[in-house]
Amino acid sequence: MKFDNLLLTLLASSTLVLTGCGGGSSSGGSSSGDLPDTNNTPVDPTPGDSTGDSGSNDGDNSSGDSSTDDDSSTDDDSSTSLPQTSWSTPESLADGSVTVNNLHLSGAANKPILLYTNGDQLLAREFDGSNWNSGTLFGSYINVSNTTMATNANGKAVVADTYMDTNYWTQYTECHIRYFRYDGTNWLGYHSKARSLRQSGANYSCNNIDNLLVDLSDDGRVSLSFWRADDNTGRLQSCNGSDSCLNPALNPAISFGAKEIVALGSANDGDSQILLLDSDDASSFSSSLYMSTLTDGVPGSQRVLAGSSGATGTGAATMAVNDANHALVLHIDGNTLESSFNNGAGFAASVNLDTNLSASAPIRNYLSSGADYGLSIWEKSNSLFTSISDAGSFGSATQSTNSQSYITGATGTINDNGKAVKVWVGYDDAPAGSSVSTGTLYSRFYDGSQWLAVQTIDTGINVENHQIIKGGLGVYLDNSDDVTVAYTAYKDGQANNEPQLFFSRRVID
């Protein structure tokens, strides 16, 4: 399943993805050179009929009306007096003596897996229930960017990134997309480059590659999607469990033209779904969302997602897919937040979850791996809102607040038991003459029927310009209902001058 089932928000700045990732600038290359990933694209998925099939569901996929506004949403603190499990005292895994960055937290078979950079090294560590291991180094992190991670139901994982090196024969810089496999016990190294991008007579920079996504199906198929900013095309590469890729590294990848893949999710037996956005229209907020399936890495036809016709425009979108190849989509249409569920027979009509949102408001969407429980998270008016869903039935929005004026870094997840957790940092404006304020790390747990009281995990976290300084925040909830949170944070008075890496656990006795 997609790590983090993460938010893929266009036109918004996310505090979950850190500033060390490669951007989409076109420096270091152009579309005019001999780029093996550009010419003679062999597959162009058939466009859908934008006025025809809009993804209507032929199956029994009911959806309730849970549209909300500021008055109808609830701030459910009725369970404040209920006892609940405490968080452990945060412990440091890296002391700030070197740069710690690009944090990703996921899990496989109830085992938390943490991916981050430590100085110039890319490091993955697993938690055995008592301790984090010393980790596996993937080599130097120099010239590496766009790190991302996914896991599957078989306890396996994959890490993907982009890196630049110099071609020995031409002495020009090339950009490569690669991945590493985890078999449940060991990291197996990386497959020979999944994609190689080069330019005749000139350098080609990985700054041209943006929004690298990876997912891992239960049969071991790795799907990779990315955006090429130098020629404004969305691309896809797929490699099976034996690391035989759909297209050789130097052949053109599958192209979606000007549509960008904003979410990618894999299911059992190599089935996957992708969510695409008309990127050319995104700047004018008149874009539509398109859905497509992947079968053994090959895209099917594209269909416009119901409720995203482009009449008012889609600003942000995200999707989660589970083992059954069911999907939950969350997107902003104009200023309305909408969600739709696909039970395998097609997407139901969208349900309005909230109104009066910014088109670029941060949103998150999660779907439990082995069930149809969903968690939608969004930010509005400096508050955090959530809706719990079960298949096509969506609960009313619940508002969570803290004593500070703002929130940042909000994320969460939901498990197969219908339990959920969300975490965020609350903070106030910086003091006069400073750009740095102090934040508090909060959490809130959903016990299957209600959200319990807000808990404090840590305090004294520095926030600058509305972001955790060089910071990242991730959370993993396993099917034993135990929660792990990991985060990088800079704190006043710390001995070293780089962000520290912390973790805390909420363990059910």
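General remarks:
- Flag if ASN146 is in a loop (DSSP other than H, G, I, E, B) and either among the polar types (S, T, N, Q) or out of contact with any Leu (no Cβ under 7 Å at 6 or more places or on another chain) (or both): no
- Within the stretch 393-447, the set of residues being under 18 Å from ARG505 (Cβ atoms) and either modelled with pLDDT under 95 or among the polar types (S, T, N, Q) (or both) comprises THR411, THR413, ASN415, ASN417, SER443.
- Within the stretch 115-134, tally of residues that are under 22 Å from the mean Cα position of the chain (by Cα), farther than 21 Å from ALA160 by Cβ and not hydrophobic (A, V, I, L, M, F, W, C): 0
- Restricting attention to the stretch 238-248, the residues that are in contact (Cβ under 8 Å) with a residue 40 or more places away in the chain and surrounded by fewer than 24 Cβ atoms within 10 Å (Cβ to Cβ) add up to 6.
- Among the residues of the stretch 112-129, those identified as among the charged types (D, E, K, R) and in a strand (DSSP E or B) are ARG125, GLU126.
- Single residue of the stretch 212-262 satisfying the filter (part of a loop (DSSP other than H, G, I, E, B), among the polar types (S, T, N, Q) and touching a strand residue (DSSP E or B) at 6+ places or on another chain (Cβ under 7 Å)) that is nearest to MET319 (Cα to Cα): SER217
- Conditions (1) modelled with pLDDT of 90 or more; (2) under 30 Å from ASP218 (Cα atoms); (3) touching an Asp or Glu at 6+ places or on another chain (Cβ under 9 Å); (4) surrounded by fewer than 20 Cβ atoms within 10 Å (Cβ to Cβ); number of the one not met by VAL329: (4)
- Test: residue in the stretch 452-469 that is of a type in the set (Asp, Glu), open to solvent by 60 Å² or more (accessible area, probe 1.4 Å) and within 26 Å of the chain's Cα centre (by Cα): yes
- Checked against (1) open to solvent by less than 50 Å² (accessible area, probe 1.4 Å); (2) on the phi < 0 side of the Ramachandran plot; (3) modelled with pLDDT of 90 or more; (4) not acidic (Asp, Glu), ALA108 meets all criteria but (3).
- Answer residue from the stretch 360-378, given it is at pLDDT 95 or above and open to solvent by 30 Å² or more (accessible area, probe 1.4 Å) and is farthest from GLY426 (Cα to Cα) among those: ASP372
- Selected residue [open to solvent by 40 Å² or more (accessible area, probe 1.4 Å) and assigned to a strand (DSSP E or B)] from THR438, THR484, THR413: THR438
- Criterion: buried (at least 19 other Cβ atoms within 10 Å of the Cβ), more than 27 Å from GLY474 (Cβ to Cβ) and among the hydroxyl-bearing types (Ser, Thr, Tyr) - qualifying residue of THR173, THR151: THR173
- Restricting the stretch 249-281 to residues that are farther than 26 Å from SER200 by Cα and surrounded by fewer than 20 Cβ atoms within 10 Å (Cβ to Cβ), the residue that is modelled with the lowest pLDDT: ASP281
- Scope the stretch 219-235; condition over 17 Å from the mean Cα position of the chain (by Cα), of a type outside the set (Gly, Ala, Ser) and either open to solvent by 30 Å² or more (accessible area, probe 1.4 Å) or more than 15 Å from ARG181 (Cβ to Cβ) (or both); matching residues: ASP219, ARG228, ASP230, ASP231, ASN232, THR233, ARG235
- Just one residue in the set TYR163, TYR168 is among the hydroxyl-bearing types (Ser, Thr, Tyr), within 26 Å of VAL98 (Cα to Cα) and either outside any strand (DSSP E or B) or open to solvent by 10 Å² or more (accessible area, probe 1.4 Å) (or both); that residue is TYR163.
The values are calculated or read from the model by the stated rules, or taken from the named source; none is laboratory data. Computed from a predicted model, the values in this text were never measured in an experiment. In this analysis, Cβ positions are derived from the backbone assuming ideal geometry, glycine residues included, and neighbour counts consider all displayed protein chains. Just so you know, the surface numbers come from the protein's heavy atoms only, side chains and all, with ligands and any DNA or RNA stripped out. Shrake-Rupley method; radii C 1.70, N 1.55, O 1.52, S 1.80 Å.
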